[in-house]
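To keep things clear, I will list the structure first and then write my remarks on it.
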Amino acid sequence: MDAQGHEAFREFVENRSTTLLRTAVLLSGGDRHAAEDLLQNALIKAAGRWHRIDEPEAYVRQILYRQQVSRWRLKWRRRELTVAEPPERTDADAASATELRILMRGALARLTARQRTVLVLRYFEDLPEADVARILGCSVGTVRSTTHRSLARLRVLAPELTALGPADAEQSPSRDFSPVEVRP
């Protein structure tokens, strides 16, 4: 990589790594360490092809999705996810937002990696079903059925989310783990 490419890559990492890490955290089920590894590996792969990449963020996101798919295809043994207790706060809105993020993170972590990946792509990345199918290498029908089963599983794992309507979800102060609409 030449000096100009090196500088462009460094700027890209500085400007977009937080957003990409957020996506990686969601893909890894809330495991920040696994997400950092996922993002680091994606950036290493992108650095090797930097001079040939037209849209760097799309390219890195594609690597993230494909690496995550590869991880769940390997059927690694699931580890328990430890989640810190919510901090004590006096502000009820901030506390409820924190509780909602923890609840959502825990529910997402209990989904299979495939279910979690489909939900992240559909609702966090806001991709249409056809794009999700293309990224995951499956049919649109598989994306639809996986989305349906994933949302049904979320309703079982976190019934508190069914009380939220779309308006409540939009008022969430953080995009980290914004709730998906889980009403039928």
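I need a count of the residues in segment 158-180 that are part of a helix (DSSP H, G or I), at pLDDT 50 or above and surrounded by 16 or more Cβ atoms within 10 Å (Cβ to Cβ).
Total meeting the criteria: 1.
Within segment 133-154, track down each residue that is surrounded by fewer than 15 Cβ atoms within 10 Å (Cβ to Cβ) and in contact (Cβ under 8 Å) with a residue 24 or more places away in the chain.
Keep residues of segment 133-154 that are surrounded by fewer than 15 Cβ atoms within 10 Å (Cβ to Cβ), which gives 134, 137, 139-141, 145, 148, 152.
The one that is surrounded by fewer than 15 Cβ atoms within 10 Å (Cβ to Cβ) and in contact (Cβ under 8 Å) with a residue 24 or more places away in the chain: GLY137.
Which one is most open to solvent (accessible area, probe 1.4 Å) among residues in segment 95-132 that are touching a residue at least 12 places away in the same chain (Cβ under 8 Å) and outside any helix (DSSP H, G or I)?
Among them, the one singled out is ARG110.
I'd like to know if segment 3-15 contains one or more residues that are modelled with pLDDT of 90 or more, exposed (fewer than 12 other Cβ atoms within 10 Å of the Cβ), farther than 19 Å from ILE102 by Cα and among the β-branched types (Val, Ile, Thr).
no
For segment 32-54, name all the residues that are open to solvent by 40 Å² or more (accessible area, probe 1.4 Å) and either under 18 Å from LEU108 (Cα atoms) or at pLDDT below 90 (or both).
Listed by number, the residues that qualify are ARG32, HIS33, GLU36, GLY48, ARG49, HIS51, ARG52, ASP54.
The values are calculated or read from the model by the stated rules, or taken from the named source; none is laboratory data. Only a predicted model underlies this, so the values are computations on that prediction, with no experimental measurement involved. Because the Cβ atoms are built from the backbone with ideal geometry, glycine has one as well, and the counts that use them run over all protein chains shown. Keep in mind that these areas ignore ligands, DNA and RNA; they rest on the heavy atoms of the full protein, side chains included. Shrake-Rupley method; radii C 1.70, N 1.55, O 1.52, S 1.80 Å.
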